[in-house]
Amino acid sequence: METDRPATRAWVLHPDIKADRDRRLAGPALEEAVSLAAALPALEVVGADIVSLPRVHPGMLFGSGKIEELAARFKENEIELVLIDGHVGPVQQRNLEKEWKCKILDRTGLILEIFSDRARTREGVLQVEMAALSYQRTRLVRAWTHLERQRGGLGFVGGPGETQIEADRRAIDDQLVRLRRQLDRVIRTRELHRKARAKVPFPIIALVGYTNAGKSTLFNRLTGAEVFAKDMLFATLDPTMRRVTLPTGDEVILSDTVGFISDLPTELVAAFRATLEEVLDADLVVHVRDISHSQTDEQAEDVRKILTSLGVDDTGPQIEVWNKVDQLSEDEAEAVRNQAERTDDLFAISAITGEGLDRLLQAMSDKLKPDTETTTIEVPFSDGRRRAWLFEQDVVDEESQSETGYTFTVTWTAIQKERFARL
């Protein structure tokens, strides 16, 4: 009978570097790092520490005294993996692994591991593989002897005297090219689906927010879908889309996207750009915040930075949703509700209990009401099809006849105007 492999014993460290002007508050940062580690079922987090540093030590990250102290602690607790919540250079990683006799993973590596564990769609898997390879390519200075050997050759592949590290790097580059071609095919298919959706006059509403803000719970509540939702960082990765009927009777497409996080690895911002294109195409962006979180303002700022980096215009239609009011004290919840009622495009809700959703749905309908224009157009007598289409769309204000055809005064949306031109 097969037994499950025992969980890897891990320890989380958050380097609190005093010289770093952009450093986050150490306590919440460590808490988030532990939550990230807990998102991987293969890990058992045994302990966690904040390590105060006046500055980064180039070769080892930490000072020699702290390294010895931690080495003893890791040995005593039989630690197999140390997760460092920050950037660890390849040389630093190699040196620390040698000192501590265990594997080291930095913040980027950990997030890549989580994404690799969670990706389900073909596109998601390809993007994670590409991000992981880009990350590995920078780390080909490990302490393995085969990387220091030179490979002789006849000059057919890589030239004479090519080092193994160069061969490994070239192999990664070749694999990246292959993956990029596969991803391009997937993206082309996605483009066809997007164009097909564009023919259906359903606006797109994209839910965005920090990871674990409750987007998927809200998505499930509004759509009746069963997207995996759990109190866990990066519970869902792949975008999900469902059709929803708003209280006004209008039909929309609701899109649940991957959660954002501070210091999102640059490899993943680039790799997941295609996944987040639904946000770029959205008619309305709904920014979901966990208002009960102690760092909710900082999280919101991180989301805005990533949206800006993706090219989402701040001036476009957006709604901000303060979720999880059910997790606040009654006084705090009342203050949040009062602020939301006094502020345009701000809504206090609980995706779990359903509080505030009616007002939010009505606001979505109001935001999506398209701008219209009134204009006069001419249609020849012979073009009965276009005349019939105008009446089908109920856009005709007035009709008269001239010597050459019909003259219409119409009030229509930009989409209807474009469709009429294509008839």
Could you say which residue among 31, 44, 78 is open to solvent by 30 Å² or more (accessible area, probe 1.4 Å), in contact with a strand residue (DSSP E or B) (Cβ under 9 Å, 6 or more places away or on another chain) and more than 25 Å from residue 101 (Cβ to Cβ)? 31
Residue check for residue 313: modelled with pLDDT of 75 or more and over 23 Å from residue 112 (Cβ atoms): no
Are any residues in segment 371-408 open to solvent by less than 80 Å² (accessible area, probe 1.4 Å), free of Cβ contacts under 8 Å to residues at least 12 places away in the same chain and not polar (S, T, N, Q), and if so, which ones? 384, 388, 399
Can you go through 368, 346 and tell me which one is open to solvent by less than 80 Å² (accessible area, probe 1.4 Å) and more than 30 Å from residue 423 (Cβ to Cβ)? 346
For segment 310-350: of the residues being out of contact with any strand residue (DSSP E or B) (no Cβ under 9 Å at 6 or more places or on another chain) and aliphatic (A, V, I, L, M), which is nearest to residue 284 (Cα to Cα)? 310
Those helices (runs of 4 or more DSSP H) completely within segment 1-103 that have 1 or more residues that are under 25 Å from the mean Cα position of the chain (by Cα) and aliphatic (A, V, I, L, M) are 26-38
State the number of residues belonging to segment 1-39 that are at pLDDT below 90 and in contact with a Phe, Trp or Tyr (Cβ under 7 Å, 6 or more places away or on another chain). 1
Mind listing whichever residues of segment 233-249 are at pLDDT below 80, at negative phi and either touching a Phe, Trp or Tyr at 6+ places or on another chain (Cβ under 9 Å) or surrounded by 16 or more Cβ atoms within 10 Å (Cβ to Cβ) (or both)? 233, 235, 236, 237, 238, 239, 240, 241
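Based on what the data block shows, is residue 373 closer than 19 Å to residue 215 by Cα, acidic (Asp, Glu) and over 25 Å from the mean Cα position of the chain (by Cα)?
No, not satisfied.
The values are calculated or read from the model by the stated rules, or taken from the named source; none is laboratory data. Quick caveat, the model's predicted, so the values are computed rather than measured. Methodologically, a virtual Cβ is constructed for each residue, glycine included, from the backbone with ideal geometry; neighbour enumeration extends over all protein chains shown. When the accessible area is computed, the model is the full protein with side chains, heavy atoms only, and any ligands, DNA or RNA have been set aside. Shrake-Rupley method; radii C 1.70, N 1.55, O 1.52, S 1.80 Å.
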